[in-house]
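The values are calculated or read from the model by the stated rules, or taken from the named source; none is laboratory data. Quantities reported herein were computed from a predicted structural model and do not represent experimental measurements. Every residue, glycine as well, gets a Cβ built from its backbone with ideal geometry; the counts of neighbours run over all protein chains shown. What goes into the accessible areas is simple: the full protein's heavy atoms, side chains included, and nothing from ligands, DNA or RNA. Shrake-Rupley method; radii C 1.70, N 1.55, O 1.52, S 1.80 Å.
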Amino acid sequence: MFIREERKKCYIIIALCAVNMVLLIAYFLLTHYAVKNVIVDGNKHYSAKEIQSMIMTGYLGDNSLYLSLKYKNKEVEGIPFVETMDVVVQSNDTIKITVYEKALAGYVEYLGRYMYFDNEGVVVEASKVTTKGIPQVTGLGFDHVVLYDKLPVDNNGIFQNVLTITKLLNKYDIICDKIQFDSNYNVTLGYDSVKVNIGALENLDEKIMQLPLILPSLQGEKGVLDLQNYSSDKKTTSFEREG
């Protein structure tokens with residue numbers, strides 16, 4: 001009887017020690033691997049805080065060990081405007097989230113939605129909000145829009161023109177509100193209250209190169225900046241104010 005009681009006490013002590021050990025390990029894992037630093041790279045459409053909230057979800061969402069297991073050899077998919085996201089645990093308290101956004105050339109407005117298309121004219125996202133840095137494209141003729149299909153326009157080459165313009169705008173760090181094509185595919189760019197008449201797509205690099213030099217001086221103005229005849233040989237510009 002005495003031996004049984006002693007064994008029982010030993011089992012209880014062993015069990016309590018095991019529980020305490022588990023609690024200590026759990027406490028160590030929760031505190032030592034608590035994420036304190038989050039590096040977000042490649043994001044434009046979403047803020048770093050929004051990206052962080054998408055990745056660090058659930059009860060252990062702020063634990064780097066859990067995140068390393070959750071996202072090991074796995075890309076994050078199914079988020080609008082994002083192709084994929086990679087999550088790398090750099091240390092016990094630091095993770096890096098690399099965002100690979102979809103290559104968006106512009107958007108058209110259709111039935112109260114903003115339909116974003118890529119450089120081939122394929123509609124990749126539909127949204128109720130606009131995205132800074134991605135211009136609205138007007139002057140394209142179409143009678144319907146289908147998500148993940150190409151915009152049904154008469155001139156498919158227009159998308160290459162849009163891509164060329166957006167690449168140059170990004171090259172010179174210019175944020176354009178609107179790219180407008182007329183019936184002859186001449187281009188006008190919109191910047192708040194200033195319109196920039198680019199005209200034909202000749203000497204496009206030389207024309208857009210002037211915008212970072214000219215636009216700051218037109219802040220608060222309303223009117224049309226005419227660059228349609230500008231070239232490296234003929235540096236002709238004018239600005240017509242509107243009342």
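Some observations on this one:
- The slack in the chain from SER231 to ALA200, taken as 0.36 nm per residue of separation less the alpha-carbon distance, amounts to 10.0 nm.
- Per residue, the convex hull spanned by the alpha carbons of segment 80-194 comes to 134 Å³.
- Estimated vicinal HN-Hα couplings, Hz - segment 147-159 in sequence order (Karplus 6.51, -1.76, 1.60; Gly, Pro = x): 4, 6, 10, 6, 4, x, 10, 6, 10, 5, x, 5, 5
- Checked against a 19 Å cut-off, the cross-linked pairs LYS44/LYS222; LYS36/LYS96; LYS128/LYS195; LYS102/LYS128; LYS128/LYS178 give Cα-Cα distances beyond that limit for LYS44/LYS222; LYS128/LYS195.
- Taking amide H as placed 1.01 Å from N in the peptide plane, the amide H of SER238 sits under 5 Å from that of ASP226, each at least 5 places away or on another chain.
- Accessible area per residue for the chain, computed on protein heavy atoms with a 1.4 Å probe, is 62 Å².
- Residues ASP62, ASP192 ordered from highest to lowest accessible area at a 1.4 Å probe: ASP192, ASP62.
- Förster radius 25 Å - calculated FRET efficiency between THR164 and TYR110, Cβ distance, rounded to 0.05: 0.60
- Relative contact order of the chain, defined on C-alpha pairs under 8 angstrom at six or more residues apart (%): 10 percent
- Trypsin sites (Lys or Arg not before Pro) restricted to DSSP loop in segment 180-243 with at most 13 other C-beta within 10 Å: LYS222, LYS234, LYS235
- Positive end of the dipole of the chain (Cβ unit charges, origin at the Cα centre): among THR84, ALA103, GLY133, the Cα lying farthest that way belongs to THR84.
- In this view, the solvent-accessible surface of LYS178, computed with a 1.4 Å probe and all protein chains in place, comes to about 70 Å².
- (i) 21.1; (ii) 22.2; (iii) 18.1, with the label sought being that of the calculated Kirkwood radius over Cα pairs in Å: (ii)
- Under the Karplus curve 6.51 cos²θ - 1.76 cosθ + 1.60, θ = phi - 60°, whole-Hz ³J(HN,Hα) for segment 207-222, x wherever Gly or Pro sits: 5, 5, 4, 7, 4, x, 8, 9, 4, x, 6, 9, 4, x, 8, 9
- Most mobile of GLN219, GLN228, GLN180 in a GNM of the chain (Cα contacts under 10 Å): GLN219
- With every protein chain in place, the chain: carbon and sulfur % of accessible area (1.4 Å): 52 percent
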